[in-house]
Amino acid sequence: AAMQDTVDSVREYGVLVPAIARPDPNGGYELIAGHRRHHASELAGKETMPVIVRDLDDDAATIIMVDSNLQREELLPSERAFAYKMKLDAMKRQAGRPSKENVSQVGTQKRSDQIMAEQVGESRNQIQRFIRLTELIPTLLDMVDERKIAFNPAVELSYLKKEEQTLLLEAMDSEQ
């Protein structure tokens, strides 16, 4: 339904916010942000859409892609978890290139998760807790997305070894 609303909007008004792409070394362009707008444009029968082309390295492209996905209203906990992990990993790789705005009042370099927390409006702890969800086995993570396991217990379960998570899942199944 949400995609159909986007298609209808694109058909009537066009794409209002340009997508972001980067040159592909093999020719053409790689779409970084705006995949849903692109798909809606195709479904609406549009042959073109506005795109901003930027020279971006892999880390910068990842950060932009994650940021655009985080702006979506309805993200599953697993989507948010993997998005935060991808962005934080990319930010840590870029950390060797400090900028002046990433220095705290006491003159020390801010941590990547601190910068990210400010950008996404979450606490550092909450970001780390979401990232912990990526340590869950797929079946347990699906249960978090389906609201069969609440967020806080899921974070605690993520500290179990994979084998222990599997045993727990088997026990849950046998006990219904």
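The values are calculated or read from the model by the stated rules, or taken from the named source; none is laboratory data. None of the values given here were measured: they were computed from a predicted structure. Neighbour counts run over all protein chains shown; Cβ positions are idealised from the backbone, glycine included. The area values use the complete protein model at the heavy-atom level, side chains included, leaving out ligands, DNA and RNA. Shrake-Rupley method; radii C 1.70, N 1.55, O 1.52, S 1.80 Å.
In straight-distance terms, cross-link reach from K161 covers every one of the lysines whose alpha-carbon lies under 23 Å from its own, apart from those fewer than eight places away in the same chain; here that gives K85, K148. Against the chain, whose longest principal axis is taken from its Cα atoms, helix 162-175 shows a tilt of about 70°. Among F82, F151, the sequence by solvent-accessible area, most first, with a 1.4 Å probe is F82, F151. Remark: the range 13-24, residue by residue, has Karplus-estimated 3J(HN,Hα) of 10, x, 7, 8, 10, x, 7, 10, 9, 10, x, 8 Hz, where x stands for each Gly or Pro and the curve is 6.51 cos²θ - 1.76 cosθ + 1.60 at θ = phi - 60°. Taking GluC sites (Glu not before Pro) as exposed when DSSP calls them loop and at most 15 other C-beta atoms lie within 10 angstrom, the chain has its longest site-free stretch at 75-145.
Surface listing: V66, V51 arranged by accessible area from highest to lowest gives V51, V66, probe 1.4 Å. For the chain, the longest principal axis of the C-alpha atoms and the axis of helix 77-94 are separated by about 70°.
Computed with a 1.4 Å probe on the full set of protein chains, the accessible area for K46 sits at about 80 Å². Solvent-accessible area of T139, all protein chains in place: 70 Å² (probe radius 1.4 Å, heavy atoms, ligands and nucleic acids excluded).
For E30, the residues 5 or more places off, or on other chains, whose built amide H falls under 5 Å of its own are R22, D24. Across the protein chains, with a 1.4 Å probe defining accessible surface, the residues R11, R80 rank R11, R80 from largest area downward. Using Cα centres only, tell me the gap between the range 123-176 and the range 7-82 in whole Å. The range 123-176 and the range 7-82 have Cα centres separated by 31 Å.
Taking every DSSP beta bridge that has both ends in the chain, the antiparallel portion is near 60%.
Can you compute the FRET efficiency between Q71 and L167 using 1/(1 + (r/R0)^6), with r the Cβ-Cβ distance and R0 = 41 Å? Round to the nearest 0.05. Calculated value: 0.60.
If you place +1 on the Cβ of every Lys and Arg and -1 on the Cβ of every Asp and Glu, how big does the dipole about the Cα centre of the chain come out, in debye to the nearest 20? The calculation lands at about 760 debye. Taken one residue at a time, the phi angles of the range 129-145 give Karplus couplings (6.51, -1.76, 1.60, θ = phi - 60°) of 5, 4, 4, 4, 4, 5, 8, 6, 5, x, 5, 5, 5, 4, 5, 5, 4 Hz. Gly and Pro are set to x. Between helix 58-70 and the chain there is an angle of about 80 degrees, using the helix long axis and the longest principal axis of the Cα atoms. Ligands, DNA and RNA aside, D59 has an accessible area near 20 Å² when probed at 1.4 Å. Close amide H contacts of I52 (hydrogens built in the peptide plane, cut-off under 5 Å, sequence separation of 5 or more or a different chain): A19, I20, A21.
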